[in-house]
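Beneath this line is the structure, given in structure tokens, with notes to follow.
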Amino acid sequence: MPTWNTPKTRNLLNAVLQLKSQDEARRFFRDLLTAEELLEFSRRWQAAQLLNQKVPYTKIVKVTGLSSTTVARVQCWLQGKLGGYRLMLNRLGHHAHASPHSRLKEA
């Protein structure tokens, strides 16, 4: 399996770090990705937020349209060593164990 941590991916990540606003991010990611890819990423991020709130898989599948396999994968990454989801959830103030119902209303 090829590694994803390559000079090309590091170059992309450096470009992402140069974005200064949501508008810049929206424009860059829309040029970089297809509309469906953007929607997929947003659904995975939504799943991470819902999993963090202890929302059951079945509800997450229904709300996001993701497969149960993808939700399970997001759960693995949420608990994984790299901690990318956890980092962003903490940075954005998404605290675990808050009311799952408040998360579903935002979804």
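The values are calculated or read from the model by the stated rules, or taken from the named source; none is laboratory data. What you see is a predicted model, and the numbers here were worked out from it, not measured in a lab. Ligands, DNA and RNA are excluded from the accessible area calculation, which covers all protein heavy atoms including side chains. Shrake-Rupley method; radii C 1.70, N 1.55, O 1.52, S 1.80 Å.
Side notes on the structure shown:
- Between the labelled values (i) 15, 43, 33, 9, 1; (ii) 13, 39, 37, 11, 0; (iii) 11, 29, 27, 18, 10, 3, 0, the entry that holds P(r) over Cα pairs in 10 Å bins from 0, in percent as derived from this structure is (ii).
- A straight chain from Ala72 to Thr34 at 0.36 nm per residue would run longer than the Cα-Cα distance by 11.3 nm.
- Shown are Arg43, Arg91, whose ranking by accessible area with a 1.4 Å probe and every protein chain present, most to least, is Arg91, Arg43.
- Each residue of the stretch 3-13 is assigned a 3J(HN,Hα), and the resulting list reads 7, 8, 8, 10, x, 5, 6, 5, 4, 4, 4 Hz, derived from the Karplus form 6.51 cos²θ - 1.76 cosθ + 1.60 (θ = phi - 60°), x at Gly and Pro.
- Taking the protein heavy atoms of the chain in the context of the full set of protein chains, the accessible area attributed to carbon and sulfur is 59 percent at 1.4 Å.
- Listed residues Asp31, Asp23 arranged by accessible area, highest first, probe 1.4 Å: Asp31, Asp23
- Surface per residue (accessible, 1.4 Å probe) for the chain, Å²: 74
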